[in-house]
Amino acid sequence: IPDIPSQNAPRRGRRKSQLSELKPRLVAICIKADAQAEYIIDWVLQNELVPGRDRVVLVNVRQAANGIIGDLTVSNASKDNAERARSHDLLRKHAVPIKQEGFQIKGVSIRGVDVRGELVRKLIELKCDLAITGAHTTKSMRERLTGCKITYLVENSPCPVLVVGNGMQKYKRDTAESQ
C-alpha cells in the first residue's frame with residue numbers, strides 16, 4: 001500500500017529545499033486574443049510555474065496580413081501594423097500578472113502564414129523547456145482541412161507540451177461571483 005501524503009504536504013509534493021535543486025527552465029505560454037488566455041495565465045500561475053526557477057516567454061502568433069501569400073504589400077502594410085500593435089497589447093496585458101508574481105518574462109509576437117510551423121520554429125529557436133497552450137475547442141474550416149494546431153504542436157514540438165483544459169465555464173462563474 002503506497003504512503004498517503006498528509007493534508008499539510010506542500011503543493012505538488014515538493015519541499016522548499018527540493019525546489020532550489022530543480023534545473024532552471026524556460027516556459028513558453030502560447031496565447032491568442034480570446035477569453036481563454038486569461039484562464040491559461042491564472043491556471044499556469046497557480047499550478048505550474050515555480051518562483052526562482054522558471055523564466056516565461058509569452059508567445060502570440062498572428063496571421064500574416066494577406067493570408068496565403070505571406071509577403072507584405074503596400075496595401076497590407078497598415079493592416080499588418082494594426083495586427084502587430086494588437087498582438088503587442090495582448091502580450092503586455094497578460095504579462096502583468098506574471099510580472100507581479102516575480103517571474104522574468106518577455107513577449108514574442110510572430111507573424112506567419114503557417115501558425116503551427118512558426119510556433120514550433122520559435123520554440124526551437126528559444127530552446128524552451130516546456131510549452132503551455134490552451135485547448136481551444138472551436139475549429140475553423142481551415143483547421144478541419146489542415147489539422148488541429150494542438151495536435152501538430154504536440155507531435156512536432158522540441159519540448160513537452162502542456163495543454164490546459166477548457167475550464168472556462170467554472171472560471172467565468174468564479175470570476176463573476178468575486179466581482
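Each reported figure results from applying straightforward, stated rules to the coordinates on display, with no laboratory input. Treat the numbers as computed from the prediction; the structure is a model and nothing was measured. Note that each Cβ is placed from the backbone with ideal geometry, even for glycine, and that neighbours are counted across all protein chains shown.
Summary of computed values
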| item | result |
| --- | --- |
| Two-site label geometry, Glu21 and Lys79: point separation in nm, points 7 Å out along Cα→Cβ | 5.6 |
| Greater than 21 Å apart at Cα, pairs in Lys23/Lys127; Lys32/Lys122; Lys93/Lys149; Lys106/Lys127; Lys32/Lys79 | Lys93/Lys149 |
| Candidates per GluC sites (Glu not before Pro) in region 78-118, loop by DSSP, up to 16 other Cβ within 10 Å | Glu101 |
| Chain lengthening between Gln46 and Val113 when straightened (0.36 nm per residue, less Cα-Cα) | 20.8 nm |
